[in-house]
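The structure appears right after this line, and notes come after that.
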Amino acid sequence: MGDTQFHFRIRQCPGRKPTVKAHNAYNRDCPITLQSESAYYYGFVYFRQTKDRTIRRGYFQKSVVLVTKLPFVALFSQLVSIIAPEYFDNGEPSLEAACHDIDQWPDPIPGDTLNLPIMGTVIQVRVPCRSDRLVGGVQAKSQERHTIPAHSVLPTLHEVDIYSAFHSILPHVQLLWELVLIGEPVVVMAASPSVTCNCVQALINMITPLKYCNDFRPYFTIHDSEFKEFTTRTQAPPPVILGVTNPFFAKTLQHWPHIIRIGEMGGLGTSPKPLNKLKKAASLKTLDSKPGVYTQYKSFLAKDKMILKRLMKGSQSKRPVEAQNAILRRHFLELTQSFMIPLERYMASLMPLQRNISPHKGAPLLRQFDPEEFLQTVEHSGPQLTSGIKGDWEALYRRFFRSPNFEGWYYQRQREVNQKLQVLHMEALSNSNLVEWIRDKEEVEIVDLILRIKEKLKFAINNHTVVQQESVMKLQKHLENIVSALPDDLQTVIKT
Amino acid sequence: MAQRSRGDDPEAEIRTMQMRDVKVCLLGDSGVGKSSIVMRFVSNTYKPSLESTIGASFMNKSLVVDGMGYRFQIWDTAGQEKYRALAPMYYRGAAAAVIVYDTTREVTYRAVKSWVNELRSYGPPKIVIAIAGNKCDLEDLREVNRKDAEDYARSISAIFCETSAVTAINVEDLFMAVARQLPLEDFSDGDRRNGSTVNLRSSPEQRKKQCCSGGKNSPSSSSTSRPQSSRQS
């Protein structure tokens, strides 16, 4: 009864266009974790349920749902909480008004602070940018003067309060971090969808700046079209994170390896009862079971007691939730970075040397990632350099390599590096004296060169944002000169 | 036009100066010219046939008045009846409301009074009210007597002026008059931004007689010198 807010995530029908074209520029510069979804939609819901005798069923029950591909959880939750109550009071014209306001919104340019007028108020929020420093504050940009101290300043576009979300299961957060990192199936059970969606979103957030690449459903119900697919017992549980409230799931998902049960939140500021013991998943019979983490998973890393002590102390001294959340966030950011830095370093070592880039050979490629070779570097320059946490990092890496999170990260890096190499190669080609070079060459070689230049120009069109316009012009000039130096009959062949 | 205090480049001045944010909403019947007034004020343009507004449109405009910077956050509401119930969203938290009527349509003037009553009952307690009789360029078609409207405005301590979005007459003055009438106490936008800094307005200014008469604050006599320090804070 009353008002409830939550969000869900659903698959887009297959065969639809994967991304909105207008999002391309945004996706290029935003943090990877904030890219617009290619195959999913988010739905941000504001649900009202009140007694109303005049209605046949005795209740007024309606939702306003905001559908989007952008994972701006904080912004859109705020937005729907402004729009929905007005709609319930004043009907459709308020939706028209809201849409009209949103129509006027500027594009989300990473790094910009946006002023978003909505129904008589202005929300101000900054869009993070890939080049932001992750630790420490974000430096204000010079375009500060465009910003107006708005009626409501939103501190974040997308983050949820992970401290409150994990309040009742704090002692296990590091274990949960491992589960999310290696992409294990996890189900979150709670009585309300607002609790499950906060918790699921908090889990995903924990491995920032790494993108969580598996499917996740902040609020999953028996009506979702993947219900059968996700709950079948004939296969191992799928590697997804689900948030559920229907008691029916307690039975249906009993076989899942990791179950988080969140109870009602006590008053904030009260210290959470540390539920230190992990429980066997099989002991979870009904949704009435006690809050806690039900799993038989053995952590690879030793528990960091320092962070827990700090949070306990903060909670006893009534430190504001925002500060607790910031501490916990920072802890996981540092942990994830400690885990990723050795990988980034190894990746950099796979780059070919600048001097191996020759205009007369093909563009060099990144060397293949070799897990064993990488693991050898972990011994002397692994996460222990930046993190005090002890444990079997190597085994954690091995599990991570098998997860889509690794795959997603690796492909992203590979794409970036190969694109960079192509650009360097193109520049090398455009800067060399090709007319001189073809003088003593056979026709076959010249034609080969022409094809290579054409290929480069094609690449330049597809990657116009990273390619220097000057290099393109030079190449076009080269192409003209080379072609005109060929015999006439060959020229016509080339031009077709 | 009021004289700009000093500095030959008002744009540069606006950029460096401390600005006070002012939420303003425009209210009034459909077709009286609210959007045209805003368009004239914000971009100094006029379009003969604007589409009717949906819900409300939002725009920003900065203005320097008596050496003080104001950034108007303007909510130009829709006049159509179906959006009537949304009005509280736009005057909620507003520092000023501009109620517009059409001098050539008596019926739109009658609506002014109901807006005033609504604002007095449900609006922010210290909201500055301005009444603007638009389309004053169409003297031949006039239906609303200027004196009547002016008297009414004075009786409720509202700013009054007749405007024309077509000729631009009094449009900027209207907003300047609003700026001058804002209560001084919430001047530095909340509080923190400048800590202990006091906003010293440039010396008492000679004010020309404005077309826009502010109800209680501007005496109807000819030009008066009104030292700012005499205002209560």
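With all protein chains in place and a 1.4 Å probe, the accessible surface of the stretch A:153-241 carries 56 percent carbon and sulfur. Put simply, when A:203-209, B:114-120, A:75-81 are sorted by average Cβ atoms within 10 angstrom per residue, most first, you get A:203-209, A:75-81, B:114-120. At q = 0.05, 0.13 Å⁻¹ the log10 of I(q)/I(0) for chain A amounts to -0.26, -1.34, computed by Debye summation with a single uniform scatterer per C-alpha, solvent ignored. Subtracting the Cα-Cα distance of A:Trp437 and A:Ser317 from their residue separation scaled by 0.36 nm leaves 35.7 nm.
Simple rule: put +1 on each Lys or Arg Cβ and -1 on each Asp or Glu Cβ in the stretch A:162-402, find the dipole, and look at A:Met206, A:Gly314, A:Ser381; the Cα lying farthest toward the positive end is A:Gly314. Please find the FRET efficiency linking A:Gln104 to A:Leu457, where r is the Cβ-Cβ separation and R0 is fixed at 35 Å, and quote it to the nearest 0.05. Given R0 = 35 Å and the Cβ-Cβ separation, E is 0.35. Local charge for A:Phe300 was computed over the other residues whose Cβ lies under 10 Å away, with Lys and Arg +1 and Asp and Glu -1, and equals 0. Extension gain for B:Val107-B:Arg120 works out to 2.6 nm (0.36 nm per residue, less the C-alpha to C-alpha distance). Sorting the segments B:128-140, B:56-68, A:350-362 by their mean number of nearby beta carbons within 10 angstrom, highest to lowest, gives B:128-140, B:56-68, A:350-362.
Fully extending the segment from A:Ile32 to A:Ala191, taken as 0.36 nm per residue of separation minus the present Cα-Cα distance, adds 54.0 nm.
Counting only protein heavy atoms and a 1.4 Å probe, the stretch A:162-402 has 47 square angstrom of accessible area per residue.
Each part gets one Cα centre, and for the stretch A:417-496 versus the stretch A:13-86 those centres are 48 Å apart.
Between amide H atoms placed 1.01 Å from N, distances below 5 Å from A:Lys211 occur with no residue 5 or more places distant or on a separate chain. Legend: mean number of C-beta atoms from other chains within 10 angstrom of residue C-beta atoms, peptide B:51-58, equals 6. For A:Lys313, a cut-off of 19 angstrom between C-alpha atoms picks up these aspartates and glutamates, skipping any fewer than 8 places away in its own chain: A:Asp161, A:Asp304, A:Glu322. Our note on the geometry: Cα centres of the stretch A:171-227 and the stretch A:97-132, 27 Å apart.
Of the residues in the stretch A:104-123, those shielded by at least 20 Å² of accessible area once partner protein chains are present, compared with the chain alone at a 1.4 Å probe, are A:Gln104, A:Pro117, A:Met119, A:Gly120, A:Val122. Cut-off under 19 Å on the C-alpha distance; same-chain residues fewer than 8 positions from A:Lys441 excluded. Which aspartates and glutamates are left, in chain and number order? Partners found: A:Glu480, A:Asp488, A:Asp489. Here the stretch B:16-181 yields Rg over Rh of 0.93, to two decimals, using C-alpha coordinates and the Kirkwood radius. Here the contact order of the stretch A:1-104, divided by its residue count and restricted to Cα pairs under 8 Å and six or more residues apart, works out to 26 percent. Only Lys, Arg, Asp and Glu carry charge here, each on its Cβ (+1 for the first two, -1 for the last two); on that basis chain A has a dipole of about 2060 debye about its Cα centre.
The B-A contact accounts for approximately 1700 Å² of buried accessible area, totalled over both chains at a 1.4 Å probe radius. Can you give the FRET efficiency to the nearest 0.05 for A:Arg367 and A:Gln419, using r as the Cβ-Cβ distance and R₀ = 22 Å? Given R0 = 22 Å and the Cβ-Cβ separation, E is 0.85. The distance linking the stretch A:333-370 with the stretch A:385-401 is 21 Å (Cα centroid to Cα centroid, whole angstrom).
The values are calculated or read from the model by the stated rules, or taken from the named source; none is laboratory data. Predicted model, so just to flag it, every value in this text is computed and none were measured. Here the Cβ is made from the backbone with ideal geometry for all residues, glycine too, and neighbour counts use every protein chain on show. Surface accessibility is based on the protein's heavy atoms, side chains included, excluding ligands, DNA and RNA. Shrake-Rupley method; radii C 1.70, N 1.55, O 1.52, S 1.80 Å.
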